[in-house]
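Everything on this sheet refers to the single structure shown next.
Nothing in this text is a laboratory measurement; each read-out follows from the coordinates by a stated rule. Everything numeric here is computed off the predicted structure, so don't read it as measured data. Positions of Cβ are generated from backbone atoms using ideal geometry, with glycine treated the same way; all protein chains shown enter the neighbour counts.
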Amino acid sequence: MKKMILAIAGFVIVVFGYYGVKSHVMPKQSTQRNAAATISMKELNIQFIPSVQADTMLAKAKPLEALLEKKLGVPVHVSVATNYNTMLEAMGSKKVDMGFLSPDGYLNAHKQYGAKVILQSARYKTKNENTSELSNELTDSYRSMIVVKKDSNIKSVKDLKGKKIAVQSANSTSGYIYPVATLYKQGVNVVKDANLVQVKGHDQGLLSVLNGDTDAAFVIEAARSIVQKDKPNVFNETRVIEYTKPIPNDTITLRKDISEKDTQTIKTAMKEVAESKEGSEIFNKIYSWAGILDSKDSNFDRIREYSDTVSKIK
C-alpha cells in the first residue's frame, strides 16, 4: 500500500511539473552561461510582433536562438508577442531584452521605457519609380506616395481639395501621418478640405483608385508592385503626384539598462547573423527583410515632427 501511495505521489509530481512548465507564457530553458560568454547578461530574451499566425512565426524565428547563442555564449529565447502593448510592457519590466518594433512602436518604447534602437531592417531599392524591378542597393527607409489614375484631372496636390482620398488609420505612419503632414506643409489641409476614406491595407487603397471608388490614395511606394500580380498594368494606369520624405524601416530595439558593452556586442552579433546564409534566410522568412543596417534615435525625429504636426491639424 505504501509503495502504491509513493508511486501515485511521484506520478502527480511529474505531471504537475510538466504542465507547470508548459503553462509559462515564455518558457525558460537553461540559463547556464557558457564559459566563453561575450556579454554580462545571463540570457537574451527576444520578442517579435506577429506578421502572420503566431505559431507559424515562432517556428520561423526559433532557429535564430542557436545562431545567436553561438555568438554570445548565453541562452537565447525567442517568443512572439500578442501585440505591441504587451511587448512594450515586457521590455519595461525587463522580461524582454530585445524587440523587433515598427518605427511608431520604437518611439513609444523609447518614450515610455527608455528603450534604444540599435538596428533597422533593410530592403532593396527599386531601379526606378515606374517598375517593380529591384536594384542591388539596400535602404533603411521607404516613402509614401499619393497616387491617382493616369487620366485623372488631379495634376498637383492643390487639386486634392474636395476630392475623395483613400487613407489608412490615423496612426499609420505611411498611410496617414506622412502624407497628411507633407500636404499641410504645402498649404493643403486634407483633413478639413477633402473627404478621407479609411481602408484596410495599402493594396486596398490603390485598388480603390483603380476601381474609381476614390480619386487618390495615400500608399507606400511598393503598393503598385504588391498589386501588379492581379493588376499587371497598374504602373501604366496610375500616376504619382507626390512622394513624402523617407520613412525609417522597422527596428531592432533593446530595453533600457543594457550596458553599452553588451549593446555593441549584441549589435555586432545580430549583423553577423544577418550576413550569414542561414541568418539572412530567417529574416527573409519572418519579415521579408534583405538585411539589417545601423540605426540611431535621430533617424526618427521626422516621425516625431510629423506626428506633432498632424495632431494639431483641424
Quiz item: Of Ile313, Ser295, Asn284, which is farthest on the positive side of the dipole of segment 241-314, counting Cα position, with +1 on Lys and Arg Cβ, -1 on Asp and Glu Cβ, and the Cα centre as origin?
Solution: Ile313
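Summing Lys, Arg as +1 and Asp, Glu as -1, what charge do residues with Cβ under 14 Å from the Cβ of Asp193 carry, Asp193 excluded?
On the way: positive: Lys158, Lys161, Lys163, Lys164, Lys192, Lys314; negative: Asp159, Asp215.
Taking every other residue near Asp193 into account, the sum is +4.
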Quiz item: How far is helix 103-113 tilted off the main Cα axis of the chain, in degrees rounded to 10, range 0 to 90?
Solution: 50
Quiz item: When the dipole is taken about the Cα centre of the chain, and only Lys, Arg (+1) and Asp, Glu (-1) are charged at their Cβ, what size is it in debye, to the nearest 20?
Solution: 540
Exercise. Using only Cα atoms, find the angle between the long axis of helix 2-22 and the longest principal axis of the chain, and express it within 0 to 90 degrees, rounded to the nearest 10.
Key: 20
Exercise. Compute the Kirkwood hydrodynamic radius of segment 144-245, taking the inverse of the mean of 1/r over all pairs of distinct Cα atoms, and give it in Å to one decimal.
Key: 13.1
Quiz item: Rounded, prolate or oblate: which fits segment 231-293 when a ≥ b ≥ c are the square roots of the eigenvalues of the alpha-carbon gyration tensor, with rounded for a/c under 1.5 and prolate only if a/b beats b/c?
Solution: oblate
Exercise. Would you list, by chain and number, the lysines whose Cα falls below 18 Å from the Cα of Lys192, excluding same-chain residues fewer than 8 positions away?
Key: Lys158, Lys161, Lys163, Lys164, Lys312, Lys314
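Using the per-residue mean of other Cβ atoms lying within 10 Å as a proxy for protection, in what order, highest first, do the peptides 85-97, 58-70 fall?
Working: 85-97: 18.4, 58-70: 16.7.
Listed from highest to lowest mean packing, they are 85-97, 58-70.
For a protection proxy built on the mean count of beta-carbon atoms within 10 angstrom, sort 157-169, 205-217 highest first, please. Could the numbers behind the result be given before it?
Values: 157-169: 17.8, 205-217: 20.8.
Highest to lowest by the protection proxy: 205-217, 157-169.
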Self-check item: Matching label, Rg and Dmax of the Cα atoms in Å computed from the structure shown, candidates [x] 23.7, 92; [y] 17.6, 56; [z] 26.0, 87
Solution: [x]
Quiz item: What is the spin-label model distance, in nm, from Glu281 to Asp104 if the labels are put 7 Å beyond Cα along the C-beta direction?
Solution: 3.5
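How big, in percent, is the set of alpha carbon pairs in segment 198-250 lying more than 16 Å apart? Before the final figure, lay out the partial values.
Details: 533 of 1378 pairs.
The share of Cα pairs beyond 16 Å in segment 198-250 comes to 39 percent.
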